[in-house]
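Chemist: Dumping the structure here so I can ask a few things about it.
The values are calculated or read from the model by the stated rules, or taken from the named source; none is laboratory data. Not measured: the values here are computed from a predicted model. For neighbour counting, all protein chains shown are included, and Cβ atoms are generated from backbone atoms with ideal geometry for every residue, glycine included.
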Amino acid sequence: MLRRTPCNLNFMARCRDRLRAQFLLAIAALWAGWLAVACNSPPPLCVTGACPAGLSCDTATGECRPSAQTAPRAVPLLGAISAPPGASGAPVVVGFAPDRQSLVAVNGQELSYLAGPAAQGDEQPAGQQSAAARSLDGRLCVAWIRPSDHTLWFAEQKSKGWQREQVATAASGPVALTRHQETLTIAYRRADMASLKVALREAPGTWSVQDVPMPTPPANSQKVTADLGKSIAIVSGPSGLALSAYDATYGDLVLAVRAGNSWSVSRIAGADPATGAEIGDVGDPSALAVGPDGGLVLAYRDNTAGQLVLSRSAGGKMTRQVVTDGSVAGPAGTKTQDLVGTAISLAVRDDGRAVIAWFNGTKWRVEYAIQKQSGAFDLSTLPAPASARPQAWPSLSLNLDGSVWLSWVALDPLRGPAASQVSQLKILSGEP
Amino acid sequence: MRPRTVRVALWTAALLGLAACNGSIAPLEQPLAPGQFVANGARLVVAPGDLQQLADTVHWLAGHQVDVAVPPQPIAGTLLTRSAFVATIKLGSAKADWTDTGSLVVQIGIGKVGISVIAAESGAPGCAVAWKAKSGLMKAEVSLTKDQDGPKAVLVAPPSVAFDQGGLSAVDACAAALPKEAWNLIDAQVTEALRAGLAQRVGAAATQVLRTALPPTAEVSGQIAVGGHYAAAKTLRVDSRFSALQPKVVSRELGFGEAILDVGIAVDLDACAVDVAPPSAAASAKLQPAEAPPSKAVLRRAIALDGALLQRMAWAWVRSGDWCRESGHPLEGLSTAAWPAKLVAQLAPWVDGAPTRARLWPHASPAVGVTDSPSGPLLTWTLQDATLELVASLGGADAVVLAIRGQLHGQFKPIVTQGGRLALAAVSASSVAAVVSSPLFGEQGIAAVASGSGLDELVSAAVRGIFEPAKVLPLEAMLPLGSVVTGVSRGGDGLWIWIDGGVSPP
């Protein structure tokens, strides 16, 4: 036995020296390799600096392009997903598993069922609409709707499993979740779909529910808003909570801001603020973020113009910048418009540059844009693998290390909804 | 612009309402190229069956009676003066006819008239004379003409009046002693005074009616804002002019009165539309008659749009981008169960529910025509190549779940709304040799869906949704106050829009 082993006891000291030498050689080789790569790397033209993992620098354009797609995880998810940011690395993804009709959190290969039959055997399907965020201490928190009894639920991840709490009744989706200072806050629709509420977690198991004031009708209009919140987003900023919602009655984007205990609600797009004249169907869906200056950053779809719009609050006004209008070359020299931005995710980096990901509903591709220092956007489409599986429901995660991850769902038309899978890609690296 | 010119500018706007106008006429910076015109493309028409309605309108405008107040007047050749008198002339039935020269002759019957006047020398007692007529007939001939001031409707000649059994008789015995010249002059004075009074009222009414029915106006130009659903507003440039110096009745054999307009149309190309030349077909030189609505009307005339003009209007409508459309309302009658069975199995497991929206992308300029149906004329159209997209929600995100590309046929029905406005409503559509595709169909993304398997119902519902609500044409702004659209007829390959009521200001 000992004779057959190179590193037997008699030769232990020499063996240790050999191992140390091999280790040093390996380190030297890696160092040399790194130097070789560094010395031969393209000039620093790329707008994001050295390209992050998963991207390579296109020397022709000087821009980072996705070079590879991470392998899909064998977790079927269907529908909108949430991927709350973590410290670093691929974020946890929360979504609805169609094969189990349950809400699931996916962390690498680890699955945690939070709601539905997979979580509690006698529970009705739940979690088709959910939202996730991190608590102050970094715990994963999830809110969801159980449609069978119109209840709103919340779960916080503990060291051993999840702590579930019923938050409210007469609730309907969608839901949005954020942490405002120390308080986790859920925005949701009332079951009648005509108004919005927010639930604030005062303490574990204790929630207070508030009505979000209704927007007043546009000037010269009498019709009462009867369908509010088909899509909603919520974010916490230095000046308070901000909630964006789509008013389907008027086709307007409504912004509700809660500072202290008072709300201010206004229509910020879709209606002329002076005359009240309807100027488009705007705001379904929307996404919210806060810039480094504390200003609101808002992405939304202008359905009338077919545009994906980025808006920032500046000096009491909202700027408007078209990220894409989906224009593509059509037959016979015409141009058509892809249906862009019917699902949107937004992140704003510490330097103020926005990253937007959206669903192209014509091509069934997830596309994203990274804002340059100039303010212009660099549009990208996720690489299409040979199988060209349709993609949907993007979710961006801005980790604490500054890296930005994009998660999405890849569909499998041949095998059906239960074969859908979540995929993730780091599209921007963290700050050095 | 003068009011009349404005009116015809608006007429033209109305004609181009089919091209989705939603703005008002403004001066045209540059005239349209000659090739942009459709000569004789639009006519304002009065059908022979409606001539009586013109006459009735003249009667209505002139009133049921005409009061004539005549001041005293010396009787020439004598020392006598005929006294002042007041007469009430009752107007009877009226009728109108076109003449061979294209003017409108209106005749109005006059009821019994009885007047008493006094002939007297200054300071002396007078002798009363009675002027009586059992009946009369007034004839006024009006025509559309043009002079150095421009086109206008004028009386061809002073209206004539003929009285039946009119004449003078002595009321006082002394009247018999009046000289014969005095009798004749009194008769002439009274007759002329009555004719002048009638002419003023009836002639003005007849002129006004002709001006309303077939307005003679100068050339007019303008531009109208149009906009596709996805595009910024475009400018539809419009020019119209009378093809002759003076509009006149040209269809004498048919008895139609018509004023002919050349209409020019040009529009900025929207990026979503194909850049092809406008249709080159010339309008028919002869009016193609249409059947008038059976109901009576106050003052009925029609806008007759030639088939060539309809073609040009459809070209402009699509070219402006207004057919690159998305349904603005949830589609009706489009449950997934109503889809072709072959598609249900592949799409239903994915979508949240029935398609919510449809989008149309024309890749060709349409060919249009007019056909009859039991419910009235239909405007048919064919796009040789178009893509129809059906949008449904998946997990809350809208996506194109079905694309149908191929030849697309459709029908619009011109409908008269409750308020007397004209609208175009999509009634049906179908596809021919279409490729049906979806990312949810698997690797090829294409499904073979046979015609008649429910696909046309799907296409129809989508196209109806895309053109819902019915496009209301902005006619009311250009029509005389109080006039309304009452019907639509087919005239050959053209369309007649019938309008009732209203009278232009004098």
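Chemist: Hey, could you check the range B:292-308 for residues that are over 15 Å from the mean Cα position of the chain (by Cα) and under 20 Å from B:Ile415 (Cα atoms) and say which is nearest to the other protein chains (Cβ to nearest Cβ)?
Modeler: Within the range B:292-308, the first condition is being over 15 Å from the mean Cα position of the chain (by Cα), and the residues that meet it are B:294-296, B:307-308.
With under 20 Å from B:Ile415 (Cα atoms) added as a condition, the list becomes B:294-296, B:307.
Numbers: B:Pro294: 41, B:Ser295: 37, B:Lys296: 40, B:Gly307: 25 Å.
Once the filter is applied, the top-ranked residue is B:Gly307.
Chemist: Okay, next question. Restricting to the range A:226-247, name every residue that is in a strand (DSSP E or B) and small (Gly, Ala, Ser).
Modeler: Answer for the range A:226-247, where residues must be in a strand (DSSP E or B) and small (Gly, Ala, Ser): A:Gly229, A:Ser231, A:Ala233, A:Ser236, A:Gly237, A:Gly240, A:Ala242, A:Ser244, A:Ala245.
Chemist: So B:Pro293 clears everything in (1) modelled with pLDDT of 70 or more; (2) assigned to a loop (DSSP other than H, G, I, E, B); (3) closer than 30 Å to B:Arg359 by Cα except one condition, right? Which one?
Modeler: Condition not satisfied by B:Pro293: (3).
Chemist: Next question. Quick one: which of B:Asp275, B:Asp270 is at pLDDT below 90, within 14 Å of chain A (Cβ to nearest Cβ), over 25 Å from B:Asp372 (Cα atoms) and in a loop (DSSP other than H, G, I, E, B)? Show your work before the answer.
Modeler: Numbers: B:Asp275 fails: at pLDDT below 90.
Selected residue: B:Asp270, the only one of B:Asp275, B:Asp270 that is at pLDDT below 90, within 14 Å of chain A (Cβ to nearest Cβ), over 25 Å from B:Asp372 (Cα atoms) and in a loop (DSSP other than H, G, I, E, B).
Chemist: Go through the range A:85-178 and tell me which strands (runs of 3 or more DSSP E), entirely inside it, have 1 or more residues that are in contact with a Gly (Cβ under 6 Å, 6 or more places away or on another chain).
Modeler: Answer list for the range A:85-178: A:93-97, A:102-107, A:110-115, A:140-146, A:161-168.
Chemist: Turning to a different aspect of this structure: Show me the strands (runs of 3 or more DSSP E) found entirely inside the range B:146-199 where at least 3 residues are surrounded by 13 or more Cβ atoms within 10 Å (Cβ to Cβ) and among the hydroxyl-bearing types (Ser, Thr, Tyr).
Modeler: none
Chemist: Which one is surrounded by the most Cβ atoms within 10 Å (Cβ to Cβ) among residues in the range A:292-330 that are of a type in the set (Ser, Thr, Tyr) and over 15 Å from A:Ala233 (Cβ atoms)?
Modeler: Our first condition is that a residue be of a type in the set (Ser, Thr, Tyr); within the range A:292-330, this holds for A:300, A:304, A:311, A:313, A:319, A:324, A:327.
From what's left, over 15 Å from A:Ala233 (Cβ atoms): A:304, A:319, A:324, A:327.
Working: A:Thr304: 17, A:Thr319: 15, A:Thr324: 20, A:Ser327: 16.
Taking the candidates together, the pick is A:Thr324.
Chemist: Ok, one more. Output the residues belonging to the range A:101-139 that are among the small types (Gly, Ala, Ser) and either more than 19 Å from the chain's Cα centre (by Cα) or surrounded by fewer than 18 Cβ atoms within 10 Å (Cβ to Cβ) (or both). Reasoning before the result, please.
Modeler: Applying the first criterion (among the small types (Gly, Ala, Ser)) to the range A:101-139 yields A:102, A:105, A:108, A:112, A:115-116, A:118-119, A:121, A:126-127, A:130-133, A:135, A:138.
A:Ser102, A:Gly108, A:Ser112, A:Ala115, A:Gly116, A:Ala118, A:Ala119, A:Gly121, A:Ala126, A:Ser135, A:Gly138, listed by residue number.
Chemist: Residue check, A:Pro98 against (1) more than 14 Å from every other protein chain (Cβ to nearest Cβ); (2) surrounded by fewer than 24 Cβ atoms within 10 Å (Cβ to Cβ), all met but one. Which one?
Modeler: Every listed condition holds for A:Pro98 apart from (1).
Chemist: Let me ask another. Anything in the range A:273-291 that is surrounded by fewer than 20 Cβ atoms within 10 Å (Cβ to Cβ) and closer than 22 Å to A:Thr249 by Cβ? List them, or say none.
Modeler: Residues satisfying the conditions are A:Pro273, A:Ala274, A:Thr275, A:Gly276, A:Ala277, A:Glu278, A:Ile279, A:Gly280.
Chemist: Something else about it: For residues that are at pLDDT below 85 and within 14 Å of chain A (Cβ to nearest Cβ), scanning just the range B:431-444, find the one that is nearest to B:Asp456 (Cα to Cα).
Modeler: Per the stated criteria, the residue is B:Phe441.
Chemist: Residue by residue through the range A:386-406, note down the ones that are away from chain B (no Cβ under 14 Å), of a type outside the set (Val, Ile, Thr) and not in a loop (DSSP other than H, G, I, E, B).
Modeler: A:Leu396, A:Ser397, A:Leu398, A:Trp405, A:Leu406
Chemist: Which one is surrounded by the fewest Cβ atoms within 10 Å (Cβ to Cβ), of the residues in the range A:362-385 that are small (Gly, Ala, Ser) and touching a residue at least 24 places away in the same chain (Cβ under 8 Å)?
Modeler: In the first step, residues of the range A:362-385 are kept if they are small (Gly, Ala, Ser); the result is A:369, A:374-376, A:380, A:384.
Narrowing the set further to residues that are touching a residue at least 24 places away in the same chain (Cβ under 8 Å) leaves A:369, A:375, A:380.
Numbers: A:Ala369: 20, A:Gly375: 12, A:Ser380: 19.
So, considering only residues that are small (Gly, Ala, Ser) and touching a residue at least 24 places away in the same chain (Cβ under 8 Å), the one surrounded by the fewest Cβ atoms within 10 Å (Cβ to Cβ) is A:Gly375.
Chemist: Here's another thing I want to ask about it. Consider only pairs whose beta carbons are under 8 Å apart and that are at least six residues apart or on different chains; among these, list those whose first residue lies in the range A:153-173 and is more than 18 Å from A:Gln210 (Cβ to Cβ) and whose second residue is part of a strand (DSSP E or B) and of a type in the set (Ser, Thr, Tyr).
Modeler: Hits for this filter: A:Gln157/A:Ser112; A:Gly161/A:Ser112; A:Trp162/A:Ser112; A:Gly173/A:Tyr188.
Chemist: If you check every pair at least six apart or on different chains, which have Cβ atoms under 8 Å apart with a residue in the range B:316-340 that is at positive phi first and a residue that is assigned to a loop (DSSP other than H, G, I, E, B) and at pLDDT below 80 second?
Modeler: Partner pairs satisfying both residue conditions: B:Gly321/B:Gly228; B:Gly321/B:His229; B:Gly321/B:Tyr230; B:Gly321/B:Ala231.
Chemist: Inspect all residues belonging to the range B:445-468 and state whether any of them is within 14 Å of chain A (Cβ to nearest Cβ) and at pLDDT 90 or above.
Modeler: Checked against the condition, which is being within 14 Å of chain A (Cβ to nearest Cβ) and at pLDDT 90 or above, the range B:445-468 yields no hits at all.
Chemist: Which numbered condition in (1) out of contact with any strand residue (DSSP E or B) (no Cβ under 7 Å at 6 or more places or on another chain); (2) surrounded by fewer than 19 Cβ atoms within 10 Å (Cβ to Cβ) is the only one that B:Lys90 fails?
Modeler: Failing condition for B:Lys90: (1).
Chemist: Failed condition for A:Glu202, given (1) part of a strand (DSSP E or B); (2) under 25 Å from the mean Cα position of the chain (by Cα); (3) free of Cβ contacts under 8 Å to residues at least 60 places away in the same chain, with all others met?
Modeler: It fails just one condition, (2).
Chemist: I've got another one for you. Name the single residue that is surrounded by the most Cβ atoms within 10 Å (Cβ to Cβ) among those in the range A:332-356 being away from chain B (no Cβ under 12 Å) and part of a strand (DSSP E or B).
Modeler: Filtering first and then ranking leaves A:Ile356.
Chemist: Separate question: Out of all the residues in the range B:393-404, is one or more at pLDDT 90 or above and over 30 Å from A:Gly127 (Cβ atoms)?
Modeler: Yes, that holds for at least one residue.
Chemist: Now for a different question. Kindly check whether there is at least one residue in the range A:223-232 that is under 18 Å from A:Ala133 (Cβ atoms), aliphatic (A, V, I, L, M) and within 27 Å of the chain's Cα centre (by Cα).
Modeler: Checking the range A:223-232: at least one residue is under 18 Å from A:Ala133 (Cβ atoms), aliphatic (A, V, I, L, M) and within 27 Å of the chain's Cα centre (by Cα).
Chemist: Scan (1) in contact (Cβ under 8 Å) with a residue 12 or more places away in the chain; (2) within 14 Å of chain B (Cβ to nearest Cβ); (3) surrounded by fewer than 22 Cβ atoms within 10 Å (Cβ to Cβ) for the single condition A:Gly416 breaks and write down its number.
Modeler: With (1) in contact (Cβ under 8 Å) with a residue 12 or more places away in the chain; (2) within 14 Å of chain B (Cβ to nearest Cβ); (3) surrounded by fewer than 22 Cβ atoms within 10 Å (Cβ to Cβ) applied to A:Gly416, the lone miss is (1).
Chemist: Out of curiosity, is B:Gly167 at pLDDT below 90 and farther than 25 Å from B:Asp100 by Cα?
Modeler: The answer is yes for B:Gly167.
Chemist: Quick check on my filter: what residues within the range A:257-281 are touching a Ser or Thr at 6+ places or on another chain (Cβ under 7 Å) and either at pLDDT 95 or above or assigned to a strand (DSSP E or B) (or both)?
Modeler: A:Val257, A:Ala259 - these are the residues of the range A:257-281 that are touching a Ser or Thr at 6+ places or on another chain (Cβ under 7 Å) and either at pLDDT 95 or above or assigned to a strand (DSSP E or B) (or both).
Chemist: Residue by residue through the range B:392-430, note down the ones that are over 19 Å from B:Gly465 (Cβ atoms), among the small types (Gly, Ala, Ser) and away from chain A (no Cβ under 12 Å).
Modeler: B:Gly419, B:Gly420
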